[in-house]
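Report on the structure given below.
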Amino acid sequence: MFGGFASSKLKTNLRLCINRLKLLQKKKTELNVKARKEIAEYLAQNKDDRARIKVEHIIRDDYLVEAMECLELYCDLLLARIGLIETQKFCDESLATPVCTIIWIAPRMQNDIAEFKAISDQLSHKFGKDFAQQARNNTNGAVDPRIKNKITMQQPSPVLVEQYLIEIANAHNLHFEPKQEYLMGEDYLGSSSGNNGGGGGGGGGDLPAPPAGFSNFGDLLGGPPSMNPPPLPPNVAYSDDNTSQGISSK
């Protein structure tokens with residue numbers, strides 16, 4: 001039916017989306033490696049405030065790359081379970097989070113990855129306009145909160161900014177004196193972050209945790225670490241490289 005659900009169109013756009021996500025992650029990571037070198041130059045010139053502003057951009061991109069890793073896995077899961085999607089009138093509970101998260105992310109990332117809109121439209125045709133509207137507004141609470149927090153984050157925690165600067169300075173053998181009030185949990189205006197409630201502090205109560213996988217903030221020159229794969233239904237397992245396998249469509 002014209003304008004209705006088309007399984008072949010959904011599969012094509014899922015494959016294209018996975019490829020574009022991989023390319024965008026690679027591009028963001030390469031740009032961030034270059035940006036870290038620029039930050040080291042600012043620190044060498046004692047332009048610490050400019051370095052802090054630049055680091056905020058890197059942190060946002062690191063969170064974005066982590067979110068894209070998870071979105072890639074969700075697209076891979078939907079592609080693997082296309083048979084289940086085709087045969088179900090309503091969204092299967094095991095696919096609620098991947099489906100709702102992709103519908104929610106579509107208007108937020110369609111400028112970078114146009115296929116998200118095409119995928120969202122196909123899922124809307126399949127499961128209905130009311131379901132899609134609930135997913136867009138997250139009124140059903142099914143959107144992955146990790147992706148939501150990483151995409152909507154506004155200002156990184158001052159503590160995290162200082163930790164990035166410390167590691168970048170150490171990697172380039174530069175002397176850097178972090179602001180202790182930031183490390184103690186005070187924001188840029190000097191107010192305590194303790195009232196903000198969030199794990200990140202400083203930037204507000206809904207800030208996500210620092211980029212996943214850092215061990216004492218680890219080696220920041222290599223780009224963001226890999227994000228832990230999203231939880232899957234009991235009949236689904238991940239292989240060593242985090243690609244889904246053993247998926248049953250029953």
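The values are calculated or read from the model by the stated rules, or taken from the named source; none is laboratory data. All of these numbers come straight from a predicted model, not from anything done at the bench. Neighbour counts are summed over all protein chains in view; Cβ atoms, including those assigned to glycine, are modelled from backbone coordinates with ideal geometry. These area figures cover heavy atoms from the full protein model, side chains too; ligands, DNA and RNA do not enter into them. Shrake-Rupley method; radii C 1.70, N 1.55, O 1.52, S 1.80 Å.
Which value, in debye to the nearest 20, describes the size of the charge dipole of region 113-183 about its Cα centre when Lys and Arg Cβ atoms bear +1, Asp and Glu Cβ atoms bear -1, and nothing else is charged?
440 debye
Residue 12 to residue 87: FRET efficiency via 1/(1 + (r/R0)^6), r the Cβ-Cβ distance, R0 22 Å, to the nearest 0.05?
0.70
If you average the alpha carbon positions of region 48-104 and of region 131-165, how far apart do those two centres end up, in angstrom?
Cα centroid to Cα centroid, the span is 11 Å.
Given Cβ point charges of +1 (Lys, Arg) and -1 (Asp, Glu) and nothing else, what value in debye, to the nearest 20, does the dipole of region 51-102 about its Cα centre take?
That gives region 51-102 a dipole magnitude of about 180 debye.
May I ask you to evaluate 6.51 cos²θ - 1.76 cosθ + 1.60, the Karplus curve with θ = phi - 60°, for each residue of region 98-113 and list the ³J(HN,Hα) values in order in whole Hz, giving x for glycine and proline?
x, 5, 5, 5, 5, 5, 5, 6, 3, x, 8, 10, 5, 5, 8, 9
Starting from the 7 Å offset along Cα-to-Cβ, what nm value, one decimal, do you get for the label separation of residue 184 and residue 111?
Simple spin-label model gives 4.0 nm for this pair.
Mind putting a number on the dipole of region 72-139 about its Cα centre? Charges go on the C-beta only, +1 for Lys and Arg and -1 for Asp and Glu, and I need it in Debye to the nearest 20.
The dipole magnitude comes to about 240 debye.
Compute, for residue 57, the solvent-accessible surface of its heavy atoms (probe 1.4 Å) with the complete set of protein chains present, and express it in square angstrom to the nearest 10.
Only protein atoms counted, so the area is about 100 Å².
Are any of the pairs 148/179; 27/89; 37/150 more than 32 Å apart by Cα-Cα distance, and if so, which?
Correct reply: 27/89.
So what is the relative contact order of region 82-136, in percent, for Cα pairs below 8 Å that sit 6 or more residues apart?
36 percent
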